[in-house]
Amino acid sequence: MRIITYIYIILSSFFINAQVDFDLRVSKKKLGVNERLRIDFVMNQNGDNFNPPSFENFNLVGGPNQSVSNSWINGKKSFSKTFTYFLAPKEKGTFIIGSAEISFEGISYQTSPVSIEVLPSVIKPSGSSSVEYLADENMHLIAEISNTNPYLNEAITVVYKLYFRNPIKISDAREIQSPKFRDFWSSSIKIPQLRVESGSYKGEAYNEVIWRKTVLYPQKIGKLIIEPLALSLVLEIPTKRRDFFGNTIYKQVSRSVNAGKRVLNVKELPIKNRPNDFSGAVGKFKLDFLINKKSLKALESFQSIVKVTGKGNLKLFELPKIKVPSSIEVFEPEYKEEINTTLSGMEGTIQNTYTMVPQYQGKYPIPSIEFIYFDPDKVSYQTLSSIDHMVDVYGGDSDNLIEKQDKINQDLKTNTNNTFGFIKLKSKFSPINQVEFWKKSTYWLIIILPLILLPIIIFIKRLWSSRTIDENYLKLKRRSKLAIKFLGNAKKHINNKSKFYDSLEKAFHNYLKAKLKIETVDMKKEIIVDSLIKLGANTSTIDSFMIILDNCDMARYSPITEVKMKHDYDSAIEIIEKLDYEI
């Protein structure tokens with residue numbers, strides 16, 4: 001019993017130890033001296049007393065950020081506790097990130113050291129601030145393509161996936177640029193609801209969202225471009241601040257991600273051994289050629305069905321035609337399709353149903369048909385052949401059939417004789433009185449009308465010109481009213497220096513608010529000057545405007561005469577009129 005107890009204790013401790021993982025993960029093992037490095041210490045249990053290694057060759061940019069993930073996936077519990085650091089290298093060289101230590105249920109666990117190589121500066125560093133770095137390094141949008149070198153009309157699948165990981169949270173997402181499939185036949189597969197699932201990106205654990213699924217059939221050969229998908233995201237990124245209850249405060253930032261354009265090299269279907277009757281079908285198919293009656297009376301109808309079932313470009317080729325004896329009347333076929341589009345392409349059935357009517361009794365052979373398709377897996381053309389059919393047409397009383405046919409022929413003959421009976425062969429024309437054109441009133445009206453209209457047009461043009469001048473005068477008058485409206489309050493206090501210049505300054509600020517759409521707190525001299533220049537104001541007018549504003553400031557601390565105030569008031573009206581005209 002003692003030996004069994006020892007074995008049980010050893011196996012139990014081994015089982016417990018086997019369930020605990022504590023790993024060190026880095027975003028990259030080679031980086032530029034002006035780039036940033038993310039380090040995650042991940043444990044699958046809720047350990048404590050975490051002790052990070054020394055980052056003596058790096059500057060701490062962000063962190064430590066602690067995150068805990070607890071989820072159930074397919075009935076299996078998943079737990080993860082992560083400590084995240086963001087580092088910037090101090091210099092070039094090869095450095096060792098030492099072991100971190102953490103304890104769980106009295107047992108200490110350590111990570112394995114990792115070597116990091118720091119290279120010279122890169123042109124585009126991975127991030128200019130901790131927020132941008134967090135977003136760029138922990139969020140990726142990719143386009144997974146099932147086959148980048150397909151044949152013409154071969155199905156390929158494009159799946160757009162969004163990857164992100166802690167500490168980032170996504171609060172909102174919308175599509176700002178949709179991919180274009182100009183040279184493809186495309187079909188989108190509906191995704192009922194976007195779901196966040198556990199995934200892997202470049203060997204590291206990420207949250208995964210499948211954003212879009214599309215099946216494509218290339219319609220041209222050569223290099224075809226798939227335009228990128230772009231998303232606008234609202235992210236929540238943790239800060240170093242805490243709220244009253246000690247919870248991390250998150251900062252919302254907006255970022256956009258782009259899947260990038262992808263290039264496919266579409267191959268032409270082999271020309272060698274290509275049958276002449278090939279209609280463009282690519283995939284794997286099965287052919288059926290059926291008739292619903294093999295014995296029937298003359299002038300009765302029966303149906304013939306040509307059906308192709310399988311997986312491939314079912315909507316992009318024509319079904320084979322049937323050939324029947326001339327004594328069987330064939331109507332236009334009724335087309336029907338039952339197709340389901342999945343990630344592997346189109347699957348289902350297409351068929352043509354022909355209605356046929358034999359005219360005479362006898363035995364009529366309906367020859368077999370052939371259907372040719374290209375199989376991308378076998379890289380060869382496949383030919384499917386149906387069976388032959390024989391239709392036995394019996395007529396009963398042959399004399400009745402002959403009478404029916406004679407009656408049909410007689411009706412056709414009668415219709416033919418009466419086809420053109422409505423055409424009149426004799427005319428009922430009557431002579432009309434000939435009058436020379438120059439003797440008509442219409443001729444003289446055309447001659448005289450321009451002589452009458454020309455003076456009227458000249459008069460209307462002069463009247464319109466005088467009206468334009470009046471409109472310009474009215475515009476100037478409206479500008480004067482606008483200036484007086486803004487400066488009306490200042491004029492009331494022209495005998496009181498303090499109130500006058502306060503009112504004058506408020507008038508200028510209100511005018512700027514109306515024209516520049518800026519608030520009083522933003523009215524710095526540089527902003528005002530730049531805004532007026534952009535709107536087309538002259539430099540001299542802007543200088544005069546700024547001088548009046550300076551006078552408003554100086555008047556509070558220096559003596560000003562009533563003459564000076566009157567001069568500033570008149571100048572203000574003139575400047576506002578000029579600005580309003582120039583803008």
Query - Among 92-100, 330-338, 384-392, the order from most to least packed when residues are scored by Cβ within 10 Å on average - result: 92-100, 384-392, 330-338
Report summary line: If each K or R counts +1 and each D or E counts -1, the residues other than Ile533 whose Cβ falls under 12 Å of its Cβ total -3
Report summary line: For the range 265-357, using Cα atoms only, the Rg and Dmax in Å read 16.3, 57
Query - Kirkwood hydrodynamic radius (C-alpha pairs) into Stokes-Einstein, the range 138-266, 25 °C and 0.890 mPa s, D in µm²/s - result: 150
Report task. For the range 340-383 and the range 299-328, compute the distance between their C-alpha centroids and round to whole Å. Result -> 6
Query raised in the report: Too long at a 21 Å Cα-Cα cut-off: which of Lys261/Lys284; Lys323/Lys363; Lys307/Lys336; Lys161/Lys220; Lys499/Lys566?
Result: Lys261/Lys284; Lys161/Lys220
Report summary line: In cubic angstrom per residue, the convex hull of the range 227-309 built on its Cα atoms measures 327
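Values quoted throughout were computed directly from the atomic coordinates according to the rules given, and no laboratory measurement underlies them. Just so we're clear, the structure is a prediction, and the values are computed from it rather than from any experiment. Neighbour counts are summed over all protein chains in view; Cβ atoms, including those assigned to glycine, are modelled from backbone coordinates with ideal geometry.
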